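Shown next, in structure tokens, is the structure this report addresses.
The values are calculated or read from the model by the stated rules, or taken from the named source; none is laboratory data. Since we're looking at a predicted model, the values are computed, not measured. Virtual Cβ from ideal backbone geometry, glycine too; neighbours counted across all protein chains shown.
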Amino acid sequence: MRAYKNILVTGGAGFIGSNFIHYMFSPSSGFKGNIINLDKLTYAGNPLNLEEIEKKEKGKRYFFEHADICDLENNIKLLEKYNIDAIVHLAAESHVDRSIHGPGAFVKTNILGTYSLIEACRTIWKNRKDVLFHHVSTDEVFGSLGQEGFFIESTSYDPRSPYSASKASSDHLVMSYYHTFDLPVTMTNCSNNYGPYQFPEKLIPVMIYNMIERKPLPVYGDGKNIRDWLYVEDHNSAVWLVMQKGNIGESYNIGGDNEWENIHLVNTLCDIVAREISVVPEELKSLITYVKDRPGHDRRYAIDCNKLKNDLGWKQSVTFKKGLEKTVKWYIENQKWAQSIRSGDYLKWMDTNYKER
């Protein structure tokens, strides 16, 4: 089993990144080293996600670097400054709708940013074998499935949106550095994550807050698009396991074994939220509004994660029912967090606290 002393997490102030850092500081991970969080703090990066960690570990085992992953020189400096021996690359533009309206940012961050990171690793690590670049990707690179079948690690890439195309490009870049330069890498492709700290533009937090505020619940097309849902803590436990035990130069799929039609998910959320805020579920379900489908909207994603389970012994720990209940409760109890994001107040807070970094 591989061990690391100084892990650089890119995009650590985002949804999955902040949850990963929380996980690494929990007893579950067993990690005793340092975490360095590299984040540009764009709209989806929020230091408030890590307020507890900052209070307990800042300057001890947790360090924050406010910078752009596209800055090759700075990446080199950070690897040297902190003697980084592992990178968890999570920083990415990730919202499909935004990629349709503005593909350029996705090309820059997801492709050029990934290049700048792995090139920095190649420059500093040279021929070291006690290091690791772990690349976190998505099942969307595989395209769209029919009614049957699953994505496996060897499924051909077939991205359908600028977002998934940019992630597919970054996947190929990372693997090319393994094959060409012998850079120690591992990669994971995950299904749809959900849980605390998710930026409120994604399906589950959007629906929860719209229900609370009695706003329309927009559902694309006929609502029958299918996604495989994975609780974010289970995702991060899998990433950490792959980093420690996964075969160098290989990829692992991480899924929830949990396929849901969007409309079924929204109806289930109505039931859970209604119970939490003491209203009749039908009152919330009446807010469901079908809207014009998104261009290039993949019909179905479903991941086969048997390689991860059989080879490394991973399994999901949170059922979808329990995960949804925990998620709904978290968003209801943290409405001020979401309000600060949606109002833009957190951007003012970041200007005050991070403008000198």
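In region 191-214, which residues are in a helix (DSSP H, G or I), in contact with a Lys or Arg (Cβ under 9 Å, 6 or more places away or on another chain) and either among the hydrophobic types (A, V, I, L, M, F, W, C) or crowded, with 23+ Cβ neighbours inside 10 Å (or both)? Within region 191-214, just LEU203 meets the criteria. Here region 305-333 is the region considered, the condition is being in a helix (DSSP H, G or I) and basic (Lys, Arg), and the residue that is surrounded by the most Cβ atoms within 10 Å (Cβ to Cβ) is LYS307. Only one of the numbered conditions (1) over 19 Å from ASN6 (Cα atoms); (2) surrounded by 24 or more Cβ atoms within 10 Å (Cβ to Cβ); (3) more than 22 Å from the chain's Cα centre (by Cα) is violated by GLY146, and that is (2). Filtered by the rule that a residue be over 29 Å from the mean Cα position of the chain (by Cα) and surrounded by 13 or more Cβ atoms within 10 Å (Cβ to Cβ), region 265-282 gives VAL279, PRO281. Remark: ASN74 matches the filter, which requires a residue to be in a helix (DSSP H, G or I) and over 19 Å from the mean Cα position of the chain (by Cα). Are any of the residues in region 85-100 on the phi < 0 side of the Ramachandran plot, in a loop (DSSP other than H, G, I, E, B), more than 17 Å from the chain's Cα centre (by Cα) and not acidic (Asp, Glu)? Scanning region 85-100, I find no residue that is on the phi < 0 side of the Ramachandran plot, in a loop (DSSP other than H, G, I, E, B), more than 17 Å from the chain's Cα centre (by Cα) and not acidic (Asp, Glu), so the answer is no. Which residue is farthest from SER251 (Cα to Cα), if the candidates are limited to region 149-159 and must be in contact (Cβ under 8 Å) with a residue 12 or more places away in the chain and more than 20 Å from the chain's Cα centre (by Cα)? Restricting to residues being in contact (Cβ under 8 Å) with a residue 12 or more places away in the chain and more than 20 Å from the chain's Cα centre (by Cα), the top hit is GLY149. Tallying residues that are at pLDDT 95 or above, of a type in the set (S, T, N, Q) and buried (at least 17 other Cβ atoms within 10 Å of the Cβ) within region 75-108 yields 1.
When THR188, THR180 are screened for being surrounded by 21 or more Cβ atoms within 10 Å (Cβ to Cβ), outside any loop (DSSP other than H, G, I, E, B) and at pLDDT 95 or above, only THR188 passes.
Close contacts from region 271-297, counting a first residue that is more than 27 Å from VAL96 (Cβ to Cβ) and a second that is surrounded by 13 or more Cβ atoms within 10 Å (Cβ to Cβ) and modelled with pLDDT under 95, with Cβ to Cβ under 8 Å and a gap of 6+ residues or different chains, come to GLU276/ILE332; ILE277/ILE212; ILE277/ILE332. Condition test on SER18, is it of a type in the set (Ser, Thr, Tyr), buried (at least 18 other Cβ atoms within 10 Å of the Cβ) and touching a residue at least 12 places away in the same chain (Cβ under 8 Å)? The answer is yes for SER18. In region 17-49, the residue that is farthest from ILE7 (Cα to Cα) out of those that are at pLDDT below 95 and not in a loop (DSSP other than H, G, I, E, B) is LEU48. Residues that are β-branched (Val, Ile, Thr), farther than 24 Å from TYR163 by Cβ and touching a strand residue (DSSP E or B) at 6+ places or on another chain (Cβ under 9 Å) are absent from region 321-335 altogether.
When the test is whether a residue is under 19 Å from PRO196 (Cα atoms) and not basic (Lys, Arg), ASN236 passes it. Test SER116 against the stated conditions and say whether it is at pLDDT below 95 and more than 30 Å from ASN310 (Cα to Cα). No, not satisfied.
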